[in-house]
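The values are calculated or read from the model by the stated rules, or taken from the named source; none is laboratory data. Small disclaimer: the values here were computed from a predicted structure and weren't measured. Neighbour counts are summed over all protein chains in view; Cβ atoms, including those assigned to glycine, are modelled from backbone coordinates with ideal geometry.
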Amino acid sequence: MAEENKGNGNNGKSVGLLDRVKTGVKEDLASLTTDLPAKAKEQVEILKKPTKTQLFTSIFRHKHDDTPRNRALGVLSNVFLHLHPAKINRDAVRYSYTWGMGGITFYLFFVLTLTGVLLMFYYHPSKVQAFRDVLYLEHDVPYGKLLRNMHRWAAHLMVIAVELHMFRVFLTGSYKKPREFNWTVGVILLVLTLLLSFTGYLLPDDQLGFWAVTVGTNMARATPLLGHEGPFGSQLGMTPYNDVRFGLLGGSIVDANALLRSYIWHCIGIPIIASVFMILHFWRVRKDGGISGPAPVVLDSEIKEAKK
Amino acid sequence: MDWKQLWQILSAPDNIPIVAMIPLLAFYIFLAWRQAHANDVLIEQLAGDPALAKTHHRKAWPFKPGWQKEVHVWPFLLRVEFLAAIIVTIILMVWSITLNAPLEEPANPNLTMNPAKVPWYFLGLQEMLVYFDPWIAGVVMPTLIIIGLMVIPYIDTNPLGCGYYTWKQRKFAIGTFLFGFIILWVSMIFIGTFIRGPGWQWFWPGQTWDHNRLIYEVNRDLPDIFGITSNWAKGVFGAIVVGGYFTLGGLAVNAFFRRHNAKDFKRMSLLQYSIMMTFFLTMVALPIKMGLRLLFHIKYVWITPWFNV
């Protein structure tokens, strides 16, 4: 029985397998000549419409033919653009009303981040290296001079843009109800912009920055209560070695520690804080009803006095 | 006239933003004024014609009939933003190629720069050091400016002029802001940049910076003029003068505000009113103190053993 079974089994199997392989190969060969060309044709058809591919539709969630729906989706389904609403008041895009200064400020912050990161590759915040790094940057690094110039002028431009933005918001009364809180956030951002610029001033470690920061931080000596030369400072035990200026500089003079501190505030500390406040600022612009105008004028006679 | 000196100051790379700010500010003030004027004319017209006011679209630059009230952000806003980004980039590129960022000699604590100037946006505060002690000019004033700006929305109770340019509906608010921004902030930056020379002395534009110039100014303190000699009396006298300024000034502003801004006066709570008064009087005190110093050579008004004002 065992032999029979064994023999039969072996014979039957080996014959069947060979046949199956034969027919299988035949089928495969036949398919190569029929199915593959068909598939290739199909593939060409698919590639003719790249926007229908899975890859494309997984990245871009909607169609792009010019319909109102797609225009709206183009903004709403994009993480970078969805700060905007899909539609806005026709007048709100008028440049003479907004002056575009808020947006330009943000764009300059972006430019400064980009150029700043590139500058960081070439800069050591140490007394020995800092000034040489700037010289190296100016004379040896490809486009280094352009990079540094751009960072500096963008910083100046940002201060101007911030001030003009505040000026416009004031003149249009845009800080009034319901945007009061966003104005205070804006004031904080103004201060942070000035601090960002000021902390960057010391970094080249040249005479200009050194004396500007010396003059600037010397004022901190005179802080009431917290500075050793300020009113009631010495009465509270303030000395040059424990007052608020010491904390700012990491020492009693503008030296290596001051350089490191201003570097860290400039490149890490304040940008993070400013980013948080910017998120808040933009979020509130939307939540407070978007841009404030140009609104229809209101007459004095139409104001109803609130009951107290 | 020292043209070379003038050109050196005007063309110093770090001063370019300030030179650029003059036409920029002038342009934007013109832009704002033009719209404010148009709105004011419209407001006057509507106020005189209640029937028209009910149907009017109330904008100086109205829709044309058939226009949709809203437009899509894509492309109508995004193209403006994109264009702005391109223009700013071009300006920055040209600026960066043509002008080099300043780089002086390596920092040297033993060699004082004269004049040693802070970055231009803080020059207003540095200019204030002439008239006030550092604890006021460098610490108290910036703090008050920041807090003062922050409280604006909470003390301005005037509901008019929200979202459009106007002058006639917000004379007090806009006048005060222009005074603070243009006269106190921007013009101090100009003085600090273009006029202050070595030793922080006053050099008219075009005057040669003379590093050896000495000016013997005999500054007096206000109590000296009145022949007060004892420290104790000086402290009390100063407190009376400063207190008197805030009391009398407050009464004067109050008299003006109550009459010419009656509606705001009625709307404001006591807290809002007193905060507004404090900041307003403190701001006005700056030019007064500057005048005292420049015209009468008075250094301090209030002298105590701990601080001087």
Among the listed residues B:A252, B:A285, which satisfies the condition of being surrounded by fewer than 16 Cβ atoms within 10 Å (Cβ to Cβ), among the aliphatic types (A, V, I, L, M) and not assigned by TED's automatic domain parsing to the domain that holds B:E127? B:A252
A:Y175: in contact with a Pro (Cβ under 7 Å, 6 or more places away or on another chain), within 29 Å of A:I160 (Cβ to Cβ) and more than 9 Å from every other protein chain (Cβ to nearest Cβ), yes or no? no
Criterion (assigned to a helix (DSSP H, G or I), surrounded by 15 or more Cβ atoms within 10 Å (Cβ to Cβ) and either among the hydrophobic types (A, V, I, L, M, F, W, C) or not assigned by TED's automatic domain parsing to the domain that holds B:Y131 (or both)) met by exactly one of B:G235, B:G192: B:G235
Test set (1) more than 19 Å from A:I273 (Cβ to Cβ); (2) touching a Leu at 6+ places or on another chain (Cβ under 7 Å); (3) more than 7 Å from chain B (Cβ to nearest Cβ) - A:D205 fails condition number: (3)
So, B:K54, is that one without any contact (Cβ under 8 Å) to a residue 24 or more places away in the chain, part of a loop (DSSP other than H, G, I, E, B), charged (D, E, K, R) and more than 7 Å from chain A (Cβ to nearest Cβ) or not? no
Look through region A:89-100, keep the residues that are modelled with pLDDT under 90 and out of contact with any helix residue (DSSP H, G or I) (no Cβ under 6 Å at 6 or more places or on another chain), and return whichever of them is nearest to B:V88 (Cα to Cα). A:Y95
Go through B:V301, B:V242 for me and flag whichever is outside the structural domain of B:V140 (by TED's automatic domain parsing), in a loop (DSSP other than H, G, I, E, B) and within 29 Å of A:G227 (Cβ to Cβ). B:V301
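Table: residues versus (1) buried (at least 21 other Cβ atoms within 10 Å of the Cβ); (2) touching a helix residue (DSSP H, G or I) at 6+ places or on another chain (Cβ under 8 Å).
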position	(1), (2)
A:A220	yes, yes
A:G251	no, yes
A:L260	no, no
A:C267	yes, yes
A:R284	no, yes
Go through (1) among the aliphatic types (A, V, I, L, M); (2) surrounded by fewer than 17 Cβ atoms within 10 Å (Cβ to Cβ); (3) within 14 Å of another protein chain (Cβ to nearest Cβ) one by one and return the number of the condition B:L214 breaks. (3)
May I ask you to verify whether B:P23 is within 30 Å of B:K168 (Cα to Cα) and surrounded by fewer than 17 Cβ atoms within 10 Å (Cβ to Cβ)? yes
